[in-house]
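Let me begin by presenting the structure, written as structure tokens, before commenting on it.
The values are calculated or read from the model by the stated rules, or taken from the named source; none is laboratory data. Just so you know, these numbers come straight off a predicted model, no measurement behind them. Glycine also receives a Cβ, built like all others from the backbone with ideal geometry; neighbour counts cover every protein chain displayed. Note: accessible area is taken over every heavy atom of the protein model, side chains too, but ligands, DNA and RNA are not part of it. Shrake-Rupley method; radii C 1.70, N 1.55, O 1.52, S 1.80 Å.
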Amino acid sequence: MEDYYAVLGVSPDATVEEIKSAYRRLIREWHPDVCKKPNAHEQSIKIIEAHEILSNPETRRQYDYHRSQQNR
């Protein structure tokens, strides 16, 4: 399972605003139209997925639950 907190570079107790800020910063940096690195497209997809999961309280709760079960 992808560590979405690591993708965005935020801690698991990050606020919604911190997640939003990290997403905006990273997507500007990694957007394929701007970044010419070969993996820019794949990285931008990971950033978008992480933001979609962590910015919604319900999906974040489910993600955190599954993440905690894997760490046992």
So which residues in the range 20-40 are under 15 Å from the mean Cα position of the chain (by Cα) and open to solvent by 100 Å² or more (accessible area, probe 1.4 Å)? R24, R25, R28
Select from the range 1-17 the residues that are outside any loop (DSSP other than H, G, I, E, B) and over 11 Å from the mean Cα position of the chain (by Cα) and write down the one among them that is farthest from N56 (Cα to Cα). E17
So if I check each of I27, I47, which one is more than 21 Å from M1 (Cβ to Cβ) and either assigned to a loop (DSSP other than H, G, I, E, B) or not small (G, A, S) (or both)? I27
Counted residues in the range 28-47 being closer than 23 Å to R67 by Cβ, β-branched (V, I, T) and without any contact (Cβ under 8 Å) to a residue 24 or more places away in the chain come to 1
